[in-house]
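Report on the following structure.
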Amino acid sequence: MSTKQLQPVNKALQGRLAVPGDKSISHRAVILGSLASGETIISNFLNGEDCLTTIAAFQAMGVQIEYEGDHVKIVSHGFKRLKEPKVPIDLGNSGTTARLLLGVLAALPFHTTLFGDQSLTKRPMDRIRDPLRQMGASIDGRENGKYLPLAVRGGRVKGITFKPSVKSAQIKSGVLLAGLFAEGETTVVESTKTRDHTENMLTAFGGSISIAGNVVKVKGGQALHGTSIQVPGDISSAAFFIVAGLLVPGSEVTINNVGLNQTRTGLLDVLELMKVDLQVTETNQIGGESIGTVTVRHSKPEAVVIGGDVIPRMIDEIPIVALLASQANGTTIIKDAEELRYKETDRIESVVQTLSALGVDITATADGMIIKGNAKLTGAELDSYGDHRIGMMIAIAALISDAPVTLKDAEAINISYPNFFDDLEQLS
Ligand SMILES: O=C(O)C1=C[C@@H](OP(=O)(O)O)[C@@H](O)[C@H](O)C1
Ligand SMILES: C=C(OP(=O)(O)O)C(=O)O
């Protein structure tokens with residue numbers, strides 16, 4: 001495990017940066033490209049560990065996938081020609097791979113065993129197990145298939161109408177993927193709209209989907225065709241440099257080519273409420289995804305209450321927003337975010353422990369946290385706990401702390417942002 005010594009910065013962050021491709025969109029491009037017949041080319045693919053896990057899963061089912069840097073070429077004979085994997089599939093640390101792949105496997109007439117790392121093995125799979133069982137798939141494992149490792153035998157599935165009790169794009173997407181190959185129609189009715197990348201991308205592959213507000217329907221028996229997908233920059237990765245630019249005195253940071261899909265931009269809405277110096281420009285649309293530029297200048301945030309429907313639109317950004325809140329005027333409350341407890345770590349506990357160790361007055365609640373602003377950050381010896389977003393939050397906190405910070409298990413950051421420290425260096 002690698003340990004990094006992080007020094008406070010003594011000058012402003014300046015410059016423009018294009019962050020790597022969006023993780024959610026990269027996963028979906030590999031999945032749909034593998035289910036489609038013909039050739040799919042993905043550019044600006046995120047070659048972080050989670051997305052490589054998705055590639056390996058489909059290679060294990062006989063799909064030809066080659067990648068170099070951020071360029072991926074998939075040649076597939078389509079869904080019907082996927083083969084039973086000869087060995088168990090390792091899902092590593094990736095919740096998205098687990099839930100979406102389970103949807104695909106539900107409709108495939110063979111047996112698969114799935115397992116993951118220590119963190120993924122603790123994350124709940126019953127949320128996807130239940131609708132897929134209702135569609136007709138056989139899923140079993142520890143605690144009646146609530147946790148990995150899981151054994152799946154898919155095959156003839158039929159369409160259902162499903163109203164998820166958790167606000168999760170992974171569950172919506174898993175059910176829709178099974179629905180594409182089911183008998184009849186599958187409908188997902190969400191209480192709050194979650195990220196809609198699966199829906200947006202499906203049409204590019206020649207699939208058909210109907211979307212009316214929070215109700216999404218797909219017909220079964222669809223045939224998809226290979227295409228080209230250009231992945232926008234990941235706003236969840238950009239979030240770390242956006243906050244860094246706001247926190248380090250004198251800074252001005254611009255992120256180019258970043259995805260601005262409205263189901264993902266809760267962070268930008270919250271930053272406006274915090275009254276920081278932020279400029280967002282939408283430049284174009286590719287494959288139903290809007291793309292643009294975000295510029296921030298160092299400025300003092302105002303404390304806010306963050307909760308309700310904005311939470312799913314910024315769920316992965318909450319750790320870095322908590323750090324920003326520690327420097328705000330006043331006390332910030334984050335609520336309605338119990339889902340944080342089911343991520344790579346319990347992100348309510350890991351954020352609270354980490355920021356407390358740095359000197360922040362922060363308290364965990366059942367569904368969020370209460371963060372006192374104007375904190376003076378001290379040096380500390382900290383651990384990412386194997387959670388990439390906690391690792392990156394620590395690296396940004398170190399920029400403004402009084403003394404050096406030691407980060408243990410820094411390589412966890414490779415899950416979603418292998419070049420994170422190079423990009424940080426470029427700005428500083
Ligand atoms: O669908 C996706 O790509 C994702 C959905 C979110 O998870 P949930 O669906 O569990 O909320 C998010 O936290 C994860 O990083 C990626
Ligand atoms: C929660 C995350 O990912 P996943 O659920 O795919 O592991 C994340 O990237 O913050």
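A few remarks follow.
- Largest accessible area first, the listed residues Arg133, Arg123, Arg16 line up as Arg16, Arg133, Arg123 when surface is computed with a 1.4 Å probe on the assembled protein chains.
- Rounded if a/c under 1.5, otherwise prolate or oblate - the range 23-230, Cα gyration tensor axes: rounded
- Computed about the Cα centre, the dipole magnitude for the chain is approximately 1160 debye when only Lys and Arg (+1) and Asp and Glu (-1) carry charge, each at its Cβ.
- Rel. contact order, % - alpha carbon contacts under 8 angstrom, at least six apart, the chain: 18 percent
- Applying both filters, DSSP loop and at most 16 other Cβ atoms within 10 Å, to the trypsin sites (Lys or Arg not before Pro) of the range 318-358 gives Lys335.
- Ordering of 140-152, 302-314 by packing [mean C-beta count within 10 Å, highest first]: 302-314, 140-152
- Built amide H within the under 5 Å cut-off of Ile286, gap 5+: Ile291
- Rounded to 10°, Cα long-axis angle of helix 49-59 versus longest principal axis of the chain: 10 degrees
- Taking a straight line from the alpha carbon of Lys217, these aspartates and glutamates sit under 16 Å away, with near neighbours fewer than eight places off in the same chain left out: Glu183, Glu185, Glu190, Asp196, Glu199.
- For Glu183, distant residues with modelled amide H under 5 Å away: Val157, Lys158, Gly159
- Of the residues Asn257, Ala223, Pro85, the one whose Cα sits farthest toward the positive end of the charge dipole of the chain, with +1 on the Cβ of Lys and Arg and -1 on the Cβ of Asp and Glu, is Ala223.
- For the residues Gln118, Gln327, Gln59, a GNM of the chain with alpha-carbon springs under 10 Å puts the largest fluctuation on Gln118.
- To the nearest ten degrees, helix 126-135 and the longest principal axis of the Cα atoms of the chain are 20 degrees apart.
- Antiparallel bridge percentage (DSSP; both residues within the chain; nearest 5): 70 percent
- Sorting the segments 35-46, 171-182 by their mean number of nearby beta carbons within 10 angstrom, highest to lowest, gives 171-182, 35-46.
- Protection-proxy order for peptides 206-217, 375-386, each taking the mean of Cβ atoms within 10 Å per residue, highest first: 375-386, 206-217
- Inter-probe distance in nm under a simple model that places probes 7 Å from Cα toward Cβ, at Asn284 and Lys300: 4.1 nm
- Between Ile370 and Asp277, the distance separating the two model label sites (each 7 Å from Cα on the Cα→Cβ line) works out to 3.3 nm.
The values are calculated or read from the model by the stated rules, or taken from the named source; none is laboratory data. Given the structure is predicted, the values throughout are model-derived calculations rather than measurements. Please note: Cβ atoms are built from the backbone with ideal geometry, for glycine as well, and neighbour counts cover all protein chains shown. In case anyone asks, the SASA skips ligands and DNA or RNA and just uses the protein heavy atoms, side chains included. Shrake-Rupley method; radii C 1.70, N 1.55, O 1.52, S 1.80 Å.
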